[in-house]
1. Which loop chymotrypsin sites (Phe, Trp or Tyr not before Pro) in the stretch 186-234, with loop taken from DSSP, have no more than 13 other Cβ atoms within 10 angstrom of their Cβ?
2. How do Asp109, Asp85 rank by accessible surface area computed with a 1.4 Å probe, from largest to smallest?
3. Please give, to one decimal in nm, the separation of the simple spin-label points placed at Ala47 and Tyr509, each 7 Å out from Cα toward the Cβ.
4. Which chymotrypsin sites (Phe, Trp or Tyr not before Pro) in the stretch 87-154 pass both tests, a DSSP loop state and at most 16 other beta-carbon atoms within 10 Å?
5. Can you tell me which lysines have their Cα less than 17 Å from the Cα of Lys68? Leave out same-chain residues fewer than eight positions away.
6. Compute the separation of the alpha-carbon centres of the stretch 99-140 and the stretch 460-529 and state it in Å as a whole number.
7. On the accessible surface of the stretch 258-321, probed at 1.4 Å, how many percent belong to carbon and sulfur atoms?
8. By a straight-distance test (C-alpha under 19 Å), which lysines pair with Lys471 as possible cross-link partners, with residues fewer than eight away in the same chain excluded?
Amino acid sequence: MKQNYLNNVPIEEALSLYLGAVKDAVGDRKTEPVKTNEAFGRVLAKAVYAVICSPHYNASAMDGIAVKSADTVSAAENEPLFLPDGSFKVVDTGDAIPDEYDAVIMVEDITEKDGGVLIYSSAHPWQNIRQIGEDICMGDMLASSFTVLTPQLCGALLAGGVTEVECIRKPIFGIIPTGDEIVSPTSNPKKGEIIEFNSVIFSGMLGEIGADSKTYDIVPDKKELLTDAISQAAEECDAVLVLAGSSAGRDDYTSEIIDSLGGVLVHGIAAKPGKPAVLGLIGKVPVIGLPGYPVSGIVVMNEIVKLVADYLSGKTTPPDTAITAKAARSIVSSLKYKEFVRVTVGKNENGFFAQPLPRAAGVITSFTKADGILEVPQNSEGYEIGEQVSVRLLRPKEDIENALIVTGSHDPLIDEIAELLKRSETPVRLCSSHVGSMGAVTAVRTHTAHLGGIHLLDTENGIYNESYIKKYFPQGGVKLVKGVGRIQGLMVKKGNPLNIKSFKDIRSYRYVNRQKGSGTRILCDFLVKKYGLDENRIEGFATEEFTHTAVAAQIANGNADCGLGIYSAAGMYDLDFIEICVEEYDFLIDEKAYETDCVQAFLKVLRSEEFRKRLSEMGGYRMGMNSCPDEKVKL
């Protein structure tokens, strides 16, 4: 087989080529006998036929008496018939009917008298009797080849006397993590060490689609070691996944090794993320090199590995559930690739809308938060805001319809509200994104979020939020719900080793900023102007983060000396905090969404005592308090 090294093969073409080669190479799938009562979810290797009838005897369908129907013809409501003892037999539901009887009269329709019974209507032949084979007849085909066994079907097989079935053996995927920098999971990794978690993701994904997996030890970037590992896995497993090493870097040996042991059909697909994937075969064993970045790997798992696993296990790949939605933001894409964009999905009175999540290949949380995948075709530049798009759902549609879309300024309290909603009896699922206060204004104006957190300072009068609502919503259509007073200040290293005392001191140190449009950035720019600072001479001023915790992480890690943020974020990272002001953090709510169950559930939590308790534990919040910037507030 010819190796195609880092080509840009359209994903549909790559999939067709590879699946065809896999089917030719694998041939007949491996099978094994499985006890019927343990076969839920398995796939039948061949058709199954009943070996007995069900029921296999004439059985009473009711509690009552078994009778000869011919003996009852004269019974009538106005002239009941007396049946003496010995001319009938008392039976319960499921009892076998003696051969001499051919009908059952329900106990409710008889009256006991003088050792016998009175009946008030005649019985017809086989009345209230389940005859032999009523449900299943011996020799009936109960299920055809490649049927997935449900609990109900397993029950039917057992009723038909089938106690064991021949199933396609679950394919075993060998998973080989690779890399000198990769280490087993730990809560305290050293600098330069990367926790190996891709194998857990992919093993779980394989389990969800009915395949087994075997994860091997981490293999360093040594060609001979990786060759031995791939050879061993190909001998022991039905398919092999090699994690990382699929690109064209100095230590990327995956493609070369697969080609030397068997053959590579494709190296490089026109997918973003997911381009460096390697698709090969070693004998009858599919071997796939997955990109090291988790999101890239997940895309290749969903688009290619899942279909290989379905074939090996005999399953028919079900169609994806898709909905039509409006793009909540413009989505720009390269013409070179088919791009898979992770999105959250919400619903308003006009239908569904899709909000893109961060698209970097290493941002695993973009998949944990995603409700669906939006595909941008190859040779397309993307979609405009408001354009109709198709979204493949990653969650049940019911979950999407109960989603509360919250955007705007980042604050950990949003996560606490989400947690309290989860713990309540409401079906509401809170989905949040951090796009800054002005991002919340835009989203609520375009009805692509139900509500957003804002703390927008009017630098002329020191009042938060009100002037922005008048400016951007002159016709109304929104409600402003008061949130919390939130302490803003400078986060610095524990012990404040640089002796930073006020905001104006940032000119002498490395600063980490928030993104333009965020309320914290507006406050920052106000303070820069107030103190006459030259932002071009502040080291790191152009470095922007989207959350308070990201700013805190940069300081805690030594990448910056200080940054503006909230007290609760400083506490999470054990940083010192120099108070500057208490700001007003409120919620801007789309008026059309205000009375919905989702928003009302949010407001109920916001006003709850449990939420107040959590804010108190986090520190740095005051309920219903606001002040002008640079007014120092004592905790």
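1. none
2. From most exposed to least exposed: Asp85, Asp109.
3. 7.9 nm
4. The qualifying sites are Tyr120, Trp126, Phe146.
5. Cα-Cα hits under 17 Å: Lys89.
6. 83 Å
7. Reported share for carbon and sulfur atoms: 56 percent.
8. Output for Lys471: Lys479, Lys482, Lys516.
The values are calculated or read from the model by the stated rules, or taken from the named source; none is laboratory data. In this text, all values refer to a predicted model and were calculated from it rather than measured experimentally. As a convention, Cβ positions derive from the backbone with ideal geometry for all residues, glycine included, and neighbour counts pool all protein chains shown. Surface accessibility is based on the protein's heavy atoms, side chains included, excluding ligands, DNA and RNA. Shrake-Rupley method; radii C 1.70, N 1.55, O 1.52, S 1.80 Å.
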